[in-house]
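Working notes, structure below.
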Amino acid sequence: MPPPPVFATDSERQAARVVMEVIGTYEVKRDLVPTSNALLRPEVQREILAEVTERLRPLQGSLIADDAKIDLAAVVARTTEIVVQQTIDIPRIAVVPTGDVTTGFHPFKLDIDQLHLQPGEREIVGQMLRTNEQFTLASEVGLKEARPEDYIVHALVDFDDIDYFTHADLLYDLAGQLVQHLMGYLSEDETRSVLDRDRRLIAREIHAQMMVHFWEQATSYEVQVSRGFTELKQCNYTATAGQTAHHFRETLVEMSRIKQMLFGGFERCLYPLQKFDSDTERRFCVILERDALKWFKPAKGQFQIYYKLGTEQPEYVPDFVAETDSTIYMVETKARADVNTQEVQAKADSAARWCKHASDHAVEVGTKPWRYLLLPHDEITESKRLSDYLRFEVKR
């Protein structure tokens, strides 16, 4: 949330801070306040004023009495106006599966070219402590399976997310690929020895690759919007002692140090200071300072968008959010060579779907639609307009 507006007296400044605390509680009142602009409605202003008055009551005899009587309604109105001006409405969106949910794994080719298992010795050499006499023990061979593939399949079904009856065909296909790989450089007895000894290691590797090809399908999905707007997360930047902020228009000499630099001088950014991961981002902010009404680089947790990457679902944090007269843009800048990588495309898919849901919500409450832009770095030059990049929109 933006800093409280500047007021002349301590009482006004104290009141403004309380107003901001009260405004923060209205995020969850979506029916009453579907957008931040709804905070300015007379009936909402009266509610905020009543709550602020109640919270300030214990201070009436001390802090408030120190100054001339303040116009609390004016403080509420002015503070709310500043909050709305310094906010881009970011709804809290969740997509929840409904009805019957089915899951499975797409067939695929195992990546096992670098897997080179070898049979080990099955004899253990020991020595008697009392007589110092040496002895050997042959380690017991495990249960002999009818087919080499059975060693792997029986280990795979120990995973909670694998059902034998549902996935049997895929399991035997993957196990067959692994057995064929081992038989390419081992005898059948050696292959069985490796499978018997390392079946769990092999199963873990196959399972990890299966999760990359996992799918889930529900009868339908329900989009839930729990908040029409959310407080902007604080950006906590670290800086070395004595470090001063660079002006964002400053041409950099040491490009490799840009991640350690702070930048300021903004007029339309919702934060006074920002950090950039690349000079591409710095150049793009020059465009936003000219063409956007307001913009910022979101912090972790602002959107709570997650994408699938193998067995994990990391959070996606876009590079920029920018609002214009007609649209709100979520923007990612990437090296051209990385644009079509699996991870970047997974992020784009999740982000574009979020923007679609946000746009559907915008239609209901009468706000601006969202669009997701994935921009190659070599397209970003300060002479271009933001509208020039609409051709890089990702839709879902």
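With a Förster radius of 35 Å applied to the C-beta separation of Ala337 and Gln304, the computed FRET efficiency comes to 0.75. Within the straight-line cut-off of under 28 Å between alpha carbons, the lysines reachable from Lys259 are Lys233, Lys275, Lys294, Lys297, Lys300, Lys308, Lys334, Lys347, Lys384, sequence neighbours fewer than 8 places apart in one chain being disregarded.
Taking the longest Cα principal axis of the chain as reference, the axis of helix 188-212 is set at about 10 degrees.
Which of rounded, prolate, oblate describes the chain, given a ≥ b ≥ c as roots of the alpha-carbon gyration tensor eigenvalues and a/c under 1.5 marking rounded, otherwise prolate only if a/b is larger than b/c?
Prolate.
Only beta bridges with both residues in the range 246-369 are counted; by DSSP, about 80 percent of them are antiparallel. Do the sum for the chain: with -39,500 (n - 2.57) for every DSSP H run of n ≥ 4, divided by all residues, what is the mean residue ellipticity at 222 nm, to the nearest 500 deg cm²/dmol? It comes out at -11500 deg cm²/dmol, rounded to the nearest 500. Taking the C-alpha atoms only, the angle from helix 342-365 to the longest principal axis of the chain is near 40 degrees. Taking the Cα centre as origin and putting +1 on Lys and Arg beta-carbons and -1 on Asp and Glu beta-carbons, what dipole magnitude results for the chain, to the nearest 20 debye? Here the size comes out at about 1520 debye. Between 0 and 90 degrees, the angle of helix 164-183 with respect to the longest Cα principal axis of the chain falls at about 60 degrees.
Which percentage, to the nearest 5, of the DSSP beta bridges contained in the chain is antiparallel? If I count the DSSP bridges inside the chain, around 75 percent turn out antiparallel.
Each value in this text was obtained by applying a stated rule to the coordinates, not by laboratory testing. Owing to the predicted nature of the structure, the values given are computational and were not obtained by experimental measurement. Because the Cβ atoms are built from the backbone with ideal geometry, glycine has one as well, and the counts that use them run over all protein chains shown.
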